[in-house]
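The next block holds one structure in the form of structure tokens; read it before the comments.
The values are calculated or read from the model by the stated rules, or taken from the named source; none is laboratory data. Worth saying up front: this structure is predicted, and the values here are computed from it rather than measured. No Cβ is skipped: glycine too gets one built from the backbone with ideal geometry, and neighbour counts run over all protein chains shown. Note: areas computed on protein heavy atoms with side chains; ligands, DNA, RNA excluded. Shrake-Rupley method; radii C 1.70, N 1.55, O 1.52, S 1.80 Å.
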Amino acid sequence: MDKKLFVVLEQGNKCNTDLSIEHKNQFSDDYCDWYRLNWKNDTNDKLASFYEQNIVWSEGRSLLFEKVKNQYEYYIFIDDDVKFISKTNLTVSEEIKNFLETYHPLTGTIYGDNWAWNTYKNNIENDQKDAFPIMGHDLCCQIFQNDFANLMFPVYFHGSEKSMWYAQYIGYKFYPEKCIVLNKVEIKNTEHLPHHDISKTNYNNGLTVCNNFANIIINENNKKEFL
């Protein structure tokens, strides 16, 4: 069976939101699908495909990937509070399709209104490139090619902060020109709420997560570079 080009994988704890409905409509086509995880195990969320409880953010992403593993060429993980806006006369899904088929990224993201672009915002907007390489970016939207996703999941060290920086580092270290940002679509963070189970001690343990990954890096220069 031929794989569809991409799937958008969303997680959240609210029910039947306007944004989730919008995402479902945007990413239901003959070349893309959309699935949602409700991590509060709230079955009133009729848009959700999967339900789970007592998990942190990275566990949600691992669960989503496991549910649809090897069924698509690309996996796009998003937080449920991001809004997609096309900068062209094409739809969001059409622009993403063209981006994936043209640039064949290993990993990457979509340009948006978050901290990752603060240093480069003026250059990005003045250059008006369709796509450009990046070393690191906000995790609210993260793209993985299938083979790379199989190496990066399940998440190495779980948490709700910086827990997938390792994947950005590995991708950039081996294939820096294949870590690419799509700039013909924009994403906006409509909320800034943490996803965590307060009973878990590894919430917001970004420093611990990074140190755990650094500890398995053999080369000392690479270890220092990552940290």
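Considering only ILE76, ILE55, ILE124, the Gaussian network model of the chain with Cα springs below 10 Å gives its largest mean-square fluctuation to ILE124. In region 44-124, taking the dipole from charged Cβ atoms about the Cα centre, the farthest positive-side position among TYR75, TYR103, GLY60 is held by TYR103. For region 152-193, pairs of C-alpha atoms spaced more than 13 angstrom apart make up 68 percent of the total. In this structure, THR88 and CYS15 have a Cβ-Cβ separation that, at R0 = 35 Å, corresponds to a calculated FRET efficiency of about 0.60.
Accessible surface computed residue by residue for region 53-96, with neighbouring protein chains in place and a 1.4 Å probe, gives 38 Å² per residue. For the peptides 42-48, 56-62, the ranking by mean Cβ contacts within 10 Å, running from highest to lowest, is 56-62, 42-48.
Atom-type composition of the exposed protein surface of the chain places 48 percent of the accessible area on carbon and sulfur (1.4 angstrom probe). Take the Cβ atoms of ILE218 and GLU177, set R0 to 22 Å, and the FRET efficiency comes out at 0.35.
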